[in-house]
Amino acid sequence: MNPKDSGRAPSFGTSFRSVFSFFFFLGRRTGKTRVFYLLGLIPVAIAVFVKIILAGRGDVVGGVFNEILMVFFVTFDIVIMSLFYGTSIVAEEVDGRTLPYLASRPLPKPAIFLGKYAACVCLMVLVVATSLFLSFFILNGQRLGEADLYLTFLRDLGVLVLGILAYTAFFAFLGSFLKRAIIVGLIFGFGWENIIQYFPGSTQKFSLVHYMKSLLPRQPTGSGGRLAILLFKLEPSKPVVAVLALLVITAVFLALGCWLFRKKEYLFEE
């Protein structure tokens, strides 16, 4: 290290990378991550079971992923993971009384917040990608020579990644100022999101899941087929609008979370 630089506080980028690396490698060994890897085995087990039961009926087998497993990923898996990881970004430091240690380091608070957020997102993407990959290709094994299959996988994974980014940013924002953010998050993720998405008209757009579903392929009304269950009652936004909406939501709630984390004084409960 250059002696002239020894007294300088690290830059934002350096601080971000240090926080990200520490919490990413720490997070891989936590019980929470192991639990979510186990949860990710549910669609894999379903895929194996369906593949055995419906052997020889490739059209039906592929439809199981589209009609059931994507519902699991979109409406449950990424929501519950984002809730527990997002709200823990601040809460685990407050509950574990490690926040003063972090705050005493010469690191910008926004870098701490964003570094932990990025680490959580990467951990979730790894979990979801592993589960999605295994279940998707088990059910579509007979189509491995088709190029469209891989594009479909990448599109579905991209939709889930955008959802993880937005949900985690929102839940991290909740966790930055609410003591019981996980309760509010449960109400939002499995109450509001599951109700408002079926309201007619523009009301649907007040849910995150609406924009995720808008990025999935649709069939003509009444034709059934791919993702008919998931897209029931959907009045979709344009794909470009949906992507921009999810990215803007992510950026806004991350900015609000960083601002609150920097300004708020957190009190420890006895």
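Okay, here's what the table says:
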read-out	value
Estimated translational D of region 11-263 in µm²/s (Stokes, Kirkwood radius over Cα pairs; 10 °C; 1.306 mPa s)	83
Karplus 3J(HN,Hα) series, Hz, for region 204-213 with 6.51 cos²θ - 1.76 cosθ + 1.60 (x for Gly, Pro)	4, 6, 8, 10, 6, 5, 4, 6, 5, 5
Cβ-based charge dipole, region 11-263, positive-most Cα from 98, 191, 212	98
Length gained when the stretch residue 178-residue 198 is fully extended (0.36 nm per residue, less Cα-Cα span)	4.4 nm
FRET efficiency, 1/(1 + (r/R0)^6) with R0 30 Å, evaluated for residue 190 and residue 29 via beta carbons	0.60
Cα centroid separation, region 239-265 to region 145-184 (Å)	13
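Every number here is computed from the coordinates shown, using simple stated rules; none is lab data. If you're wondering where the values come from, they're calculated on a predicted model, not measured in any experiment. Ideal geometry is used to build each Cβ from the backbone, glycine not excepted, and the neighbour counts take in all protein chains shown.
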